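**Student:** I have a structure I would like to understand better, so I am pasting it below and will then ask my questions one at a time.
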Amino acid sequence: MLAAAVVAVVALGCVTAVSAQFGFRGYRLWGRPDLPYDGRLTFVRLRWTGGTYGARPEGMGVNFWAHEFPGAEANLMSVVGEYTAVNARTDGSLTLPLDDPELFKHPIAMMWEPGFWIMTDAQAASLRAYMRKGGFVIFNDFETRQWINFEAQLRRVLPDAQLMTLDAGHPIFSVFFRIPKIDNPNPYNHHLGGLTPEYFGVFEDNDPNGRLMAIVNYNTNLAEYWWLAGRGLLPIEAENTGFQIGINYMLYGLTH
């Protein structure tokens with residue numbers, strides 16, 4: 001664990017005050033499709049706008065990939081940049097389609113609302129190559145029956161992948177912060193209230209002791225905690241846990 005974790009434990013007690021300073025107003029570089037690579041850790045949001053479903057979901061999901069944009073990534077990266085030793089880009093981010101060659105320059109990418117995810121066969125092949133070459137993908141913000149389309153689409157990307165349940169003992173939950181309880185129920189005033197978060201992993205060669213190629217946040221939306229930080233709408237403890245998990249994801253993706 002990095003020494004900076006000691007500082008961050010204290011800092012996240014007031015993360016709402018820090019992260020509330022960051023939003024999309026005045027930040028023209030957030031979510032750009034053409035932000036030049038400069039070696040810093042850059043937040044990448046995956047964009048899906050065309051193709052087919054794996055299994056038809058209930059309801060429609062046009063542009064659901066853009067939920068919490070861009071405040072979620074702005075707030076998370078501000079905390080990563082300020083409280084860890086990572087050289088994080090805190091002044092902008094990328095929004096890339098699954099088949100953009102630029103994706104291969106970045107070790108971590110995040111997808112919102114995979115319950116409504118659509119893609120082409122070519123995009124599935126490109127995402128497969130990205131993950132097999134070392135890319136780490138975070139799937140976030142879907143619940144209940146939305147799992148059906150997510151799993152079907154993942155099979156298009158990695159036909160042999162096994163989704164394995166993760167508990168607090170996996171290294172991703174202690175790489176920076178030690179998070180002893182990862183299944184805290186969603187706040188009662190949250191639209192997912194009553195659902196208990198679950199986490200699943202996709203491992204290289206389906207080896208649970210090997211590299212984690214993707215992590216799946218199910219029945220939860222960590223990005224909503226990042227996006228709403230400082231507004232007083234969600235419990236501070238829940239927001240802090242959301243940031244701790246997010247920071248762990250970034251550190252794990254960089255070091256594995």
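The values are calculated or read from the model by the stated rules, or taken from the named source; none is laboratory data. This structure is a prediction, so every number in the text was calculated from the model and none was measured. Cβ placement follows ideal geometry from the backbone for every residue including glycine, while neighbour counts extend to all protein chains displayed.
**Student:** Can you work out which of the residues in the range 14-54 that are surrounded by 12 or more Cβ atoms within 10 Å (Cβ to Cβ) and in a helix (DSSP H, G or I) is modelled with the lowest pLDDT?
**Tutor:** Among them, the one singled out is CYS14.
**Student:** For the subset of the range 139-156 comprising residues that are surrounded by fewer than 21 Cβ atoms within 10 Å (Cβ to Cβ) and hydrophobic (A, V, I, L, M, F, W, C), which member is nearest to the chain's Cα centre (by Cα)?
**Tutor:** Going through the qualifying residues, I end up with TRP147.
**Student:** Take the range 229-256 and flag every residue that is in contact with a Leu (Cβ under 7 Å, 6 or more places away or on another chain) and more than 18 Å from VAL80 (Cβ to Cβ).
**Tutor:** LEU234
**Student:** When you go through ALA122, ALA161 one by one, which is the residue that is in a loop (DSSP other than H, G, I, E, B) and among the small types (Gly, Ala, Ser)?
**Tutor:** ALA161
**Student:** Any residue at all in the range 170-179 that's without any contact (Cβ under 8 Å) to a residue 40 or more places away in the chain and in a loop (DSSP other than H, G, I, E, B)?
**Tutor:** no
**Student:** Further question on the same structure: Do we have any residue at all in the range 87-106 that's among the charged types (D, E, K, R) and farther than 29 Å from ARG40 by Cα?
**Tutor:** Looking for residues that are among the charged types (D, E, K, R) and farther than 29 Å from ARG40 by Cα, one finds none in the range 87-106, hence no.
**Student:** Okay, next question. Taking the range 44-74 on its own, how many of its residues are touching a Ser or Thr at 6+ places or on another chain (Cβ under 9 Å) and without any contact (Cβ under 8 Å) to a residue 60 or more places away in the chain?
**Tutor:** The number of residues fulfilling the criteria is 8.
**Student:** Pairs under 8 Å by beta carbon, first residue under 16 Å from PRO33 (Cβ atoms) and assigned to a strand (DSSP E or B) in the range 87-113, partner among the polar types (S, T, N, Q) and at pLDDT below 95, six or more apart or different chains?
**Tutor:** Filtered contacts from the range 87-113: PRO97/THR49.
**Student:** Consider TYR249 carefully, then state whether it is in a helix (DSSP H, G or I), aromatic (Phe, Trp, Tyr) and at pLDDT below 95.
**Tutor:** No; evaluated as a whole, the condition is false for this residue.
**Student:** A further question on this structure: Restricted to the range 55-85, and to residues that are of a type in the set (A, V, I, L, M) and surrounded by fewer than 20 Cβ atoms within 10 Å (Cβ to Cβ), which residue is farthest from THR220 (Cα to Cα)?
**Tutor:** ALA85
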